[in-house]
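Nothing in this text is a laboratory measurement; each read-out follows from the coordinates by a stated rule. Note that the structure is a prediction, hence the values are computed from the model and not measured. Note: ideal-geometry Cβ built from the backbone for every residue, glycine included; neighbour counts use all protein chains shown.
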Amino acid sequence: MKPLFKRILLLLFLTQTVALMAQQYEQSFKDRTTLIQFINNYYTEVVYEENPPRFISARGGFVSNTISGSVVNLEYNSLFKNDSLRVISIPVLDNFVAVANKPQALDGQWLMGGRMRNGEISYRDTSGPRKTLKVLFNGRFQWIAFNTDTFAFMGTGGGNYSSVDGIYKEEIKFFSRDDSRVGAILPFDYELISGEWHHKGKSSKGVPIHEIWVQREY
């Protein structure tokens, strides 16, 4: 894709306000992958290696336009203890490939909203600073746990996903807490109930879970 066309395409996605305007960009060099996504003016970036598996970094936040150009006001930054960055410029994407969009039923941004325990739902306040965000788009998923007040980064994981006929399946490609989990394939049952995503199965540790995710509102 020519650089000028890529910049025009990026500008269109940054200025649209309709539901789920999104684009995904990928760069692979040797065994290192960088994945950048723009989803409804939200930016995510993750860098990881595949062979051997190793998580490198993750950053994300809201895009805003300034006189000097577009910047990202970060909500999380896995390297914050080293670089102290809360605002970054959008990187040049000339060496990235724009990935073709393939919509799925669960595409979007979700916040951990609660859990089912002993047949009862225990909800959590998603407006607080402690958040677990899950971003799904174009067959890729990523969850991120962070605190917007302290800028603490608690972990992330992600990879490929599919959501077909009530079955949601994850293939882990990176996991900041334990690289040995990479390669695992985890099937779950899913159901959308009154706009809430009910996510049932077993975690990467084999623990039964019934999570409830809610669409993030801005």
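Brief remarks follow.
- The relative contact order of the chain comes to 14 percent, based on Cα pairs under 8 Å that sit 6 or more residues apart.
- Working from label points 7 Å from Cα in the Cα-to-Cβ sense, the Leu79 to Asn101 distance is 3.0 nm.
- Considering only the Cα atoms of region 41-147, their convex hull presents on average a projected area of 10.0 nm².
- Semi-axis lengths (Å, descending) of the ellipsoid that matches the C-alpha gyration tensor of the chain: 27, 20, 18
- Each helix, a run of at least 4 DSSP H residues, gives -39500 (n - 2.57); summed and divided by the residues of the chain, these come to -2000 deg cm²/dmol at 222 nm.
- Between 0 and 90°, nearest 10: helix 3-15 axis offset from the chain longest Cα axis: 50
- Comparing Ile36, Ile144, Ile185 in a Gaussian network model of the chain where C-alpha atoms under 10 Å apart are linked, the largest mean-square fluctuation is found at Ile185.
- 3J(HN,Hα) couplings calculated from phi for region 126-132 with the Karplus curve 6.51 cos²θ - 1.76 cosθ + 1.60 (θ = phi - 60°) are, in sequence order, 7, 8, x, x, 7, 10, 10 Hz; Gly and Pro show x.
- Residue-wise HN-Hα couplings along region 61-73, as the Karplus relation 6.51 cos²θ - 1.76 cosθ + 1.60 with θ = phi - 60° gives them from phi, are x, 8, 8, 9, 9, 10, 4, 8, x, 7, 10, 10, 8 Hz; Gly and Pro carry x.
- Counting 0.36 nm for each residue step from Arg124 to Thr148 and taking away their Cα separation leaves a gain of 7.0 nm.
- Each residue of region 113-123 was assigned a 3J(HN,Hα) from its phi angle through the Karplus curve 6.51 cos²θ - 1.76 cosθ + 1.60 (θ = phi - 60°); the sequence is x, x, 9, 8, 10, 6, x, 10, 8, 10, 8 Hz, with glycine and proline shown as x.
- 23 Å Cα-Cα threshold exceeded, pairs from Lys134/Lys205; Lys81/Lys205; Lys169/Lys205; Lys30/Lys102: Lys81/Lys205; Lys30/Lys102
- Theoretical gain in end-to-end length, Met116 to Arg86 [0.36 nm per residue, Cα-Cα removed]: 7.3 nm
- Inter-probe distance in nm under a simple model that places probes 7 Å from Cα toward Cβ, at Gln27 and Arg177: 3.0
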